[in-house]
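J.: This is the structure I want to talk about, given as structure tokens.
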Amino acid sequence: MADTESGVLYRDRWIICTPDRLVIRGYYFPIGSKSIPYHRIRGVREAEMGALTGQWRIWGTSNPRYWWHLDPHRPHKHKALFLDLGRAVQPAITPDDPDKVKAIIDSQRA
């Protein structure tokens, strides 16, 4: 999904990867985005989601360690990425192509 005109490396409805940052749309209520430069991401952990581990969480949190961006299609997804920013709360994202987003983050952090 590279958009060569604007330099976008990946884009879906909620996640955008540019050459220098990850943008999470729908992170803040009601419609605010969170922009994270790759150099601020200490690590990315991927995890399978299930009924008790975030798959039905559309937005927000039930565990104060993780914050889920808005994603009405999350119940149909199975993998999440948790971003370690060195803070108490980790953004939890569910891109349409989590493997590609993880690879982009890993390559841009290197």
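J.: Does segment 87-110 hold any residues that are more than 14 Å from Arg45 (Cβ to Cβ), over 13 Å from the mean Cα position of the chain (by Cα) and not in a loop (DSSP other than H, G, I, E, B), and which are they?
T.: Ser107, Gln108
J.: Using the structure shown, decide if Gly26 is at pLDDT below 95, of a type outside the set (Lys, Arg) and surrounded by 18 or more Cβ atoms within 10 Å (Cβ to Cβ).
T.: yes
J.: Please work out which residue is farthest from Tyr66 (Cα to Cα), limiting yourself to segment 6-39 and to residues that are aromatic (Phe, Trp, Tyr) and in a strand (DSSP E or B).
T.: Tyr10
J.: Let me ask something else. Specify which of the listed residues (Pro30, Pro19, Pro75) is farther than 15 Å from Lys102 by Cα, more than 15 Å from the chain's Cα centre (by Cα) and touching a residue at least 12 places away in the same chain (Cβ under 8 Å).
T.: Pro75
J.: Kindly indicate whether Asp12 is within 17 Å of Thr94 (Cβ to Cβ), touching a residue at least 60 places away in the same chain (Cβ under 8 Å) and acidic (Asp, Glu).
T.: Answer is yes for this residue.
J.: I'd like to check something: does segment 46-53 contain any residue that is modelled with pLDDT of 95 or more and within 14 Å of Cys17 (Cβ to Cβ)?
T.: no
J.: Could you tell me whether any residue of segment 40-62 is under 12 Å from the mean Cα position of the chain (by Cα), in a helix (DSSP H, G or I) and of a type in the set (A, V, I, L, M, F, W, C)?
T.: Within segment 40-62, not a single residue is under 12 Å from the mean Cα position of the chain (by Cα), in a helix (DSSP H, G or I) and of a type in the set (A, V, I, L, M, F, W, C).
J.: Does segment 69-95 hold any residues that are touching a strand residue (DSSP E or B) at 6+ places or on another chain (Cβ under 8 Å), over 17 Å from Ser35 (Cβ atoms) and surrounded by 14 or more Cβ atoms within 10 Å (Cβ to Cβ), and which are they?
T.: Scanning segment 69-95 gives Asp71, Arg74, Lys79, Ala80, Phe82, Thr94.
J.: So the check is Cβ under 6 Å with 6+ separation or different chains; which pairs have a first residue in segment 48-66 that's surrounded by 12 or more Cβ atoms within 10 Å (Cβ to Cβ) and a second one that's among the small types (Gly, Ala, Ser)?
T.: Met49/Ala80; Gly54/Ala80; Tyr66/Ala92
J.: Could you grab me the full set of residues in segment 66-86 that are more than 21 Å from Ile31 (Cα to Cα) and either touching a Lys or Arg at 6+ places or on another chain (Cβ under 7 Å) or in a loop (DSSP other than H, G, I, E, B) (or both)?
T.: Of everything in segment 66-86, those that are more than 21 Å from Ile31 (Cα to Cα) and either touching a Lys or Arg at 6+ places or on another chain (Cβ under 7 Å) or in a loop (DSSP other than H, G, I, E, B) (or both) turn out to be Lys77, His78, Asp84, Leu85, Gly86.
J.: Across segment 29-46, what is the number of residues that are exposed (fewer than 13 other Cβ atoms within 10 Å of the Cβ), of a type in the set (A, V, I, L, M) and under 17 Å from Gln90 (Cα atoms)?
T.: Residues in segment 29-46 being exposed (fewer than 13 other Cβ atoms within 10 Å of the Cβ), of a type in the set (A, V, I, L, M) and under 17 Å from Gln90 (Cα atoms): 0 in total.
The values are calculated or read from the model by the stated rules, or taken from the named source; none is laboratory data. Computed from a predicted model, the values in this text were never measured in an experiment. Note that each Cβ is placed from the backbone with ideal geometry, even for glycine, and that neighbours are counted across all protein chains shown.
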